[in-house]
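Readers should treat all values here as calculations from the given coordinates under stated rules, not as data from a laboratory. Just so it is clear, the model here is predicted, and its values are computed rather than measured. All Cβ positions, even for glycine, are placed from backbone atoms using ideal geometry, and neighbour counts span all protein chains on display.
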Amino acid sequence: MKTFKTKTEVFEYLKKKFMSNGKVIIVKGSTSYGAIKAFSDIDVNVYGEKLEKPYYELIFLKRMPVLISVYFNKYKKGKSIRPLDNMRVIYGRYNCNLIPGSANEKYNPEQGVRRECQMVVDSLFKYLRHKDKKDLERVQKRI
């Protein structure tokens, strides 16, 4: 697993890793501008010409484990606008036609399994950060 000293190094790593795949790379959520703590997750959207399966990676920031989740979306040209407050553009220019993926996305069976596994890790990390048992209830299978 890769180890980084600063959040800036992590963002540079993400930019280098995915800039060939996309025209715009965005970090979403509290980690875009806020502090990254132990068991944080970094949500990344890559907008490009082709859709790819979600990508996940565990890294260490200093000595803290961090989950990186990368989702790929179709790029559409549009008028440049300012991104939302909880978004940081680390590569390219944000525009009015770049809509982040929603929770209602459709996955094929293989992608669905990967997404479920990612949600388990994400919920576990959230529980470890906040110690709220409600975060663990999300991973319980419903029949």
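Can you run phi through the Karplus equation (6.51, -1.76, 1.60; θ = phi - 60°) for region 115-131 and list ³J(HN,Hα) in whole Hz, with x for Gly and Pro?
5, 4, 4, 5, 5, 5, 5, 4, 5, 5, 4, 5, 4, 5, 6, 10, 6
Non-local amide H neighbours of ASN95 (under 5 Å, H modeled in plane, Pro and chain starts lacking H): which ones?
Close amide H contacts, sequence-distant or interchain: ILE81.
For the chain, what does the relative contact order come out to in percent, with C-alpha contacts under 8 Å and a separation of six or more?
Relative CO of the chain lands at 24 percent.
If packing is taken as the average count of other Cβ atoms within 10 Å, what order do 118-125, 67-74 fall into, highest mean first?
Working: 118-125: 16.4, 67-74: 19.2.
Output ranking for 118-125, 67-74: 67-74, 118-125.
Once amide H atoms are built 1.01 Å from N in the peptide plane, which residues 5 or more positions from ILE42, or in another chain, come under 5 Å H to H?
Under 5 Å from the amide H of ILE42: LEU67, ILE68, SER69.
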